[in-house]
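The values are calculated or read from the model by the stated rules, or taken from the named source; none is laboratory data. None of the values given here were measured: they were computed from a predicted structure. Neighbour counts are summed over all protein chains in view; Cβ atoms, including those assigned to glycine, are modelled from backbone coordinates with ideal geometry.
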Amino acid sequence: MHFNGKYYCFVLLLLSSSVFASPDEDFELAVQAFTKADTNTAYIHLKNVLQQAPEHISAKVLMGKILLDKGYFCNSPFLKRTLFN
């Protein structure tokens, strides 16, 4: 069976839209994880949000809360780079 390039582009587009979440979707997943006390998962989703949307204030606040709770607030280069810029 022979497929043309348009088919491959369509499949890649379909896969990429389902694999990569928007910042708002990632933030919602972070909030859900945080409410379940799964701070590691919440942290990962928040990193994704802040990489895609560094100005996302709610993600910065929740990230600060997680890092403060874990005692990493002052030692996080990621925090310094994203929260204070």
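Scanning for something at pLDDT 80 or above, part of a helix (DSSP H, G or I) and surrounded by fewer than 18 Cβ atoms within 10 Å (Cβ to Cβ), does segment 14-26 turn up at least one residue? The answer is yes, given that some residue of segment 14-26 is at pLDDT 80 or above, part of a helix (DSSP H, G or I) and surrounded by fewer than 18 Cβ atoms within 10 Å (Cβ to Cβ).
Of all the criteria given as (1) modelled with pLDDT of 95 or more; (2) under 14 Å from the mean Cα position of the chain (by Cα), the one not satisfied by Thr82 is (1).
So is Leu50 surrounded by 14 or more Cβ atoms within 10 Å (Cβ to Cβ) and either closer than 18 Å to Arg81 by Cβ or touching a strand residue (DSSP E or B) at 6+ places or on another chain (Cβ under 8 Å) (or both) or not? Yes: the conditions hold for Leu50.
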